[in-house]
Each structure stands twice: as structure tokens, then as C-alpha cells.
Amino acid sequence: MDYARSILLFTAAAVAEIGGAWLVWQGVREQKGWVWIGVGIVALGVYGFVATLQPDAHFGRILAAYGGVFVAGSLVWGMVMDGFKPDRYDVTGALICLVGVAVIMYAPRDA
């Protein structure tokens, strides 16, 4: 498995999904309007396609692992875009999730 490609795809998927959800949030909750919502919906669609590019062929495995990336990425997004300050429990939980991603995606398996 090409680890660098997989990690890059997880990163791209996180930007598309978290960014898309954030844009919809901004459009609705912060009343920024339909353009923000529309761009967010497009970004969410892009996420769906990016996930299909992972080298592993198992949908359940990819989406389960991506869940951990989403948890950590959401905290980072909140820090960068909204000034969110995670506490030690947020950080600990995100690190646990990323360890789970590594186990799910990159543990050696019998062929």
C-alpha cells in the first residue's frame, strides 16, 4: 500500500468534507446565504469522490478509518477557522482516533 498517497487522500477528503460542512454551517447558522451553502454542498460531493480513490477496496474500512481523520481534522479546522481552543480531552480523544485510523488502515494483514 502506498501510505503517502493514502494519507494525502485522507487529508483531501477531510478538507472537502469538513470544509463543506463548515460552509453549510456558515450559510445557515451565520446567515451568510445560499452561495455559501451551495459551495458547501459541492465540497461535500467532492469528498464522496475523493474517498473512492483510496487504494483499499473496502468501503467499510475506508469510512471507518476516515471517521478518525474527521474527528482530528474537525478540531484542527475549528482552531484555524473559528478560534476554537481544544482542551486536553479533545486532544487525547483525537490522538486515540488517529491511532485507530493507523490500526484500521495500515496494520499488516494476510493476503
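Just so it is clear, none of the values below were taken in a lab; they were calculated from the coordinates. Since this is a predicted model, take the numbers as computed values, not measurements. Methodologically, a virtual Cβ is constructed for each residue, glycine included, from the backbone with ideal geometry; neighbour enumeration extends over all protein chains shown.
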Which value, in debye to the nearest 20, describes the size of the charge dipole of the chain about its Cα centre when Lys and Arg Cβ atoms bear +1, Asp and Glu Cβ atoms bear -1, and nothing else is charged? 80 debye
With angles folded into 0 to 90 degrees, how steeply does helix 3-29 sit against the dominant principal axis of the chain? Use alpha carbons for both and round to 10. 20 degrees
Which whole-angstrom value gives the distance between the alpha carbon centres of the stretch 5-29 and the stretch 83-111? 18 Å
On Cα atoms only, tilt of 88-106 relative to the major axis of the chain in degrees: 40 degrees
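Could you work out the helix-only [θ] at 222 nm for the chain, with each DSSP H run of four or more residues adding -39,500 (n - 2.57) and the total divided by the number of residues, to the nearest 500 deg cm²/dmol?
Working: 4 runs with 88 residues, N = 111.
Rounded to the nearest 500, the figure is -27500 deg cm²/dmol.
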If I compute semi-axes √(5λ) of the Cα gyration tensor in Å from the structure I just sent, which labelled value in (1) 19, 18, 13; (2) 33, 14, 10; (3) 27, 19, 9 lines up? (3)
In whole Hz, what ³J(HN,Hα) sequence does the stretch 60-68 give by Karplus (6.51, -1.76, 1.60; θ = phi - 60°), x for Gly and Pro? x, 5, 4, 5, 5, 5, 4, x, x
In whole percent, what relative contact order does the stretch 3-106 give with Cα contacts below 8 Å and a gap of six or more residues? 28 percent
